[in-house]
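S.K.: Handing you this structure, nothing more for now.
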Amino acid sequence: MGQSVDFARASWPDIAAAVDAGVLAVLAIGACEQHGAHLPLTTDTDLAHGVARRIAAGLDALLLPPITYGDAWNNEAFTGTISLSPATLRAMIEDIGAGCRRIGAKGLVIINGHFGNREPIALAARTLLAAGLPVIHLDYPRLEALASQICDSEPAGPGFYHADEVETAMMLVLVPEVVDLSRAAPEYPDFPPTFGLEPMQLRAFNASGVFGDPRPATAAKGEALIAGIVEESLRLITLWRERHYV
């Protein structure tokens, strides 16, 4: 891995020097939503920013402060979830992207840690590209294949990972001190037949907020998951850079 420039630890001359050398900016987008009793509300942000930090190091890029809220409407029935509207999240991404372009970043890499953010991110990326800033947005590429190889528990649904073994294992690597495995318990809810086809609160069919079984999670599994995600992300970013000459 190389050396990123972390906005949380850098001064403006540090950023100016990096921009003069020609860099990408990396932005994690998470959420503030429930993750069962054993994980904190900031799990999606913690995971996305942890993965983004490794990707930024691999790119010698600027690591931006994360967006710590997302479109988590479907978890609002659980106390503690605080959600942004899709329009607000999209506007935030567009403004941050405009700032990156203004200071001279060559492009923006978005690491998304929450499913509900996908549409606002995609729409913001279109606007930013039209304004001259290439954007690639990644949702933990190869995660489903990696999870099937590494994890012991079955997902609650195809490609559905929430407060389960996958997320718990990754948190055991990135922020182990906030994981309370003594409170981890499985839940495999029955998804309504119209799930994904209409707006729906998850608590209507899920009591704990857990989807799957977090109990088999280990830091070793989490490290393997993160390493695979980062490797595939860097491969895709390389291809994107070649297309956009960034």
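The values are calculated or read from the model by the stated rules, or taken from the named source; none is laboratory data. Predicted model, so just to flag it, every value in this text is computed and none were measured. Here the Cβ positions follow ideal geometry from the backbone for every residue, glycine too, while neighbour counts run over all protein chains shown.
S.K.: Only residues that are within 21 Å of the chain's Cα centre (by Cα) and outside any loop (DSSP other than H, G, I, E, B): list them for segment 1-38, please.
M.R.: Once the filter is applied, which keeps residues that are within 21 Å of the chain's Cα centre (by Cα) and outside any loop (DSSP other than H, G, I, E, B), segment 1-38 yields VAL5, ASP6, ALA25, VAL26, LEU27, ALA28, ILE29, CYS32.
S.K.: Across segment 22-40, which residue is farthest from PRO176 (Cα to Cα) among those that are buried (at least 24 other Cβ atoms within 10 Å of the Cβ) and of a type in the set (Gly, Ala, Ser)?
M.R.: If we take residues in segment 22-40 being buried (at least 24 other Cβ atoms within 10 Å of the Cβ) and of a type in the set (Gly, Ala, Ser), then ALA25 is farthest from PRO176 (Cα to Cα).
S.K.: Continuing with this model, one more query. Being within 13 Å of the chain's Cα centre (by Cα), within 25 Å of VAL230 (Cβ to Cβ) and not basic (Lys, Arg), is that true of even one residue in segment 79-92?
M.R.: no
S.K.: If you go through segment 145-196 one residue at a time, how many are on the phi > 0 side of the Ramachandran plot and surrounded by 15 or more Cβ atoms within 10 Å (Cβ to Cβ)? Step through it out loud before you land on a result.
M.R.: So the first thing to find is which residues in segment 145-196 are on the phi > 0 side of the Ramachandran plot, and the list is 159, 163, 196.
Retained after the next criterion (residues that are surrounded by 15 or more Cβ atoms within 10 Å (Cβ to Cβ)): 163.
Final tally of qualifying residues: 1.
S.K.: Additional query: Checking the structure you have, find out if any residue of segment 88-102 is more than 29 Å from ARG235 (Cβ to Cβ), among the basic types (Lys, Arg) and either surrounded by fewer than 17 Cβ atoms within 10 Å (Cβ to Cβ) or free of Cβ contacts under 8 Å to residues at least 60 places away in the same chain (or both). Spell out the reasoning first.
M.R.: Let us first name the residues in segment 88-102 that are more than 29 Å from ARG235 (Cβ to Cβ), namely 88, 91, 95, 102.
From what's left, among the basic types (Lys, Arg): 102.
Going one step further and asking which of them are either surrounded by fewer than 17 Cβ atoms within 10 Å (Cβ to Cβ) or free of Cβ contacts under 8 Å to residues at least 60 places away in the same chain (or both), we end up with 102.
Checked against the condition, which is being more than 29 Å from ARG235 (Cβ to Cβ), among the basic types (Lys, Arg) and either surrounded by fewer than 17 Cβ atoms within 10 Å (Cβ to Cβ) or free of Cβ contacts under 8 Å to residues at least 60 places away in the same chain (or both), segment 88-102 yields at least one hit.
S.K.: Can you find, within segment 204-246, the residue that is farthest from LEU24 (Cα to Cα) among those that are more than 22 Å from the chain's Cα centre (by Cα) and assigned to a helix (DSSP H, G or I)?
M.R.: Applying the filter and picking the extreme gives ALA204.
S.K.: Out of curiosity, is ALA56 in a helix (DSSP H, G or I) and either modelled with pLDDT of 95 or more or surrounded by fewer than 23 Cβ atoms within 10 Å (Cβ to Cβ) (or both)?
M.R.: Details: in a helix (DSSP H, G or I): yes; either modelled with pLDDT of 95 or more or surrounded by fewer than 23 Cβ atoms within 10 Å (Cβ to Cβ) (or both): yes.
Spelling it out, ALA56 is indeed in a helix (DSSP H, G or I) and either modelled with pLDDT of 95 or more or surrounded by fewer than 23 Cβ atoms within 10 Å (Cβ to Cβ) (or both).
S.K.: Against the conditions (1) among the acidic types (Asp, Glu); (2) under 30 Å from PRO86 (Cα atoms); (3) touching a residue at least 60 places away in the same chain (Cβ under 8 Å), where does GLU198 fall short? Just the number, please.
M.R.: (3)
S.K.: Residues of segment 41-54 being under 15 Å from VAL5 (Cα atoms) and over 12 Å from the mean Cα position of the chain (by Cα), which ones?
M.R.: Hit for segment 41-54 is ARG54, nothing else.
S.K.: Residues that are touching a residue at least 24 places away in the same chain (Cβ under 8 Å), acidic (Asp, Glu) and either outside any helix (DSSP H, G or I) or in contact with a Gly (Cβ under 6 Å, 6 or more places away or on another chain) (or both): does segment 137-145 have at least one?
M.R.: yes
S.K.: Could you list all residues from segment 8-17 that are touching a residue at least 40 places away in the same chain (Cβ under 8 Å) and surrounded by 14 or more Cβ atoms within 10 Å (Cβ to Cβ)?
M.R.: Once the filter is applied, which keeps residues that are touching a residue at least 40 places away in the same chain (Cβ under 8 Å) and surrounded by 14 or more Cβ atoms within 10 Å (Cβ to Cβ), segment 8-17 yields only ILE15.
For (1) farther than 22 Å from ILE229 by Cβ; (2) in contact with a strand residue (DSSP E or B) (Cβ under 7 Å, 6 or more places away or on another chain), each residue gets a yes or a no:
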{"position": "VAL26", "(1), (2)": "no, yes"}
{"position": "LEU47", "(1), (2)": "no, no"}
{"position": "PRO66", "(1), (2)": "no, yes"}
{"position": "ARG102", "(1), (2)": "yes, no"}
{"position": "LYS106", "(1), (2)": "yes, no"}
{"position": "GLY116", "(1), (2)": "no, yes"}
{"position": "GLU119", "(1), (2)": "no, no"}
